[in-house]
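See structure below.
The values are calculated or read from the model by the stated rules, or taken from the named source; none is laboratory data. All values reported here derive from a predicted model rather than from experimental measurement. Note that we place each Cβ from the backbone using ideal geometry, even for glycine, and neighbour counts take in every protein chain shown. Surface accessibility is based on the protein's heavy atoms, side chains included, excluding ligands, DNA and RNA. Shrake-Rupley method; radii C 1.70, N 1.55, O 1.52, S 1.80 Å.
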Amino acid sequence: MEVVTALAAWAISSTCRNNIAQSMFGGICRRTVDDVNELVARLSPNAHVYLPGSDVFTQATTRWSVLDTPGVNVVVVPSVENDVAETVKYANERSIPFLAVNGGHGAITTVGKMQNGIEIWMHQLSGVEIAQDGNTAKISGGTLSKTLTDTLWAAGKQTVTGGCECTSILGPGLGGGHGFLQGRYGLISDQFVSMNIVLADGSAQTIDKNSDLWWAMQGAGHNFAIVTSVTSKIYDVKYSDWAYASFIFTGDQIEGLYDTINNRLLKNGTQPMEVINYSFFFNSPDMDPTRPVIMFFILQEGVKAVDKAYTAPFHKLGPIVTDAAGGIYPDLPAWTGNGNESPPCQKAGLVNIRFPIDVDVYNIQAQRKVYDLFASATQETPALNNSLFLFEGYSLQGVQAIPSESTAFPFRGDNLLLAPLIVYPPGGPKLDKKAAKLGEDLRQILHEGSGRSELHTYVNYAFGAETKQNWYGYEQWRQERLVALKKKYDPHGKFNFYAPIL
């Protein structure tokens, strides 16, 4: 750590002599080099501290969505769990805000309220230790989905992860966490057995179901602690084979496609455990130069080819392109366009904002309306034409087997997760406003079509302007329980940067 100390001292003293830079690094320039050296001295030998201007600082602070990003003055990279606790204590002593970051894919605009702060980049806290009995694994706090999936698969094991290889386990997991295996085992958070956490005051604790905080960490966890590791249930691979069938449809087939999904797959919330359906609108001038097309997937566990009973009704609709293949569970992200090399995993300097809504069934008239609006808006404003509209239909048996009141995740009864994903290069406030309005308008059409008074939004996809009822449920007892726990464990709002309760 001596080299890091010397570099930190040189960088800070050089930066602080520059009057122009003082406004940019005000939080650091107002403090002495000795203060930063003190932070370094508290950390383990393999921890790192990075300042603006270094390549690693840029890597650590670059985010998937560039709208309303955190303002970071210092990046701390822990190498052991106690480094997180020491960093939080240091920040608190100096009234510096802090934010823990894993993959940097949290696109909610509320994270932009963290300014002149410390980013705790969990990058080095990555690893998976399978217990001797094979029933659980200890997962380090910065572990990404692909690392977990590949490690478990090599041992003949699996657990629930998100669908993207490049996102972490705990980012989605603290908000519930949908995934391909949820029909069999439940949400990501439903797998948690215990966790090591750092609280707002910098104290480290191990908690499990016997803690009053456990309930909140499973669905609203971003508000309460930094998880430095989690012990999670794992399972023997039940079926090694998976298969997909994909179809591309033109816009005139909206009604037929989503009516067939309703009747042949969803079946009033009884979609088979081994089946997942997933679709999205996207613009492809080679396929249709004037209107978006629709990509639709059926994924099936335990087979080498998707059963014709599921695929035949969609072939009858007359897709313009079809494809199919078989493989294994780790192939699913690449098949669905969510692998590490796929566009959604690239940090390309774009704004990526989502406007999620849960519904029970596709309202066919609403599907037509959102398609037409999405088509006209992305054609009229070329900057928006890389946008997508996501329609996720996971199986639900494992999710709904968990009592709703047993965790802070509020919407176990919902069948579908829908979300316009508005993508565009930064273009100023006028374009930001237009993009947000489009996302909100699309969501409102679906909300009206649902016939519900309540708007249910998946917190991990949230835009940031939703209400805490939208994120955490409308029941008064839920809100009161969250507020009481927040006041007990984070009375000063240190963890108020991601979908805050208060």
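Structure notes:
- Rel. contact order, % - alpha carbon contacts under 8 angstrom, at least six apart, the chain: 16 percent
- With the highest mean first, a sort of the peptides 430-441, 158-169 on other beta-carbon atoms found within 10 angstrom per residue produces 158-169, 430-441.
- Per DSSP, loop chymotrypsin sites (Phe, Trp or Tyr not before Pro) in the stretch 422-502 with at most 16 further Cβ within 10 Å: Tyr474
- Debye, to nearest 20: dipole size of the chain, +1 on Lys, Arg Cβ, -1 on Asp, Glu Cβ: 700 debye
- Distance between the C-alpha centres of the stretch 173-199 and the stretch 428-502: 20 Å, rounded to the whole angstrom.
- Out-of-range pairs (alpha-carbon distance over 20 Å; input Lys308/Lys369; Lys157/Lys267; Lys209/Lys486; Lys238/Lys304; Lys157/Lys238): Lys308/Lys369; Lys157/Lys267
- Spatial offset of the stretch 315-380 relative to the stretch 47-75 amounts to 30 Å, using the alpha carbon center of each.
- Only helical runs count toward this figure. For the chain, summing -39,500 (n - 2.57) over DSSP H runs of n ≥ 4 and dividing by all residues gives -9000 deg cm²/dmol at 222 nm.
- Between the amide H of Lys157 and those of Val237, distances stay under 5 Å, these residues lying 5 or more places away or on another chain, with hydrogens modeled in the peptide plane.
- The stretch 285-340, accessible surface, carbon-and-sulfur percent (1.4 angstrom probe): 55 percent
- Helix runs (DSSP H) in the chain reaching 15 Å along axis by Cα, Kyte-Doolittle at least -0.5: 2-16, 364-380
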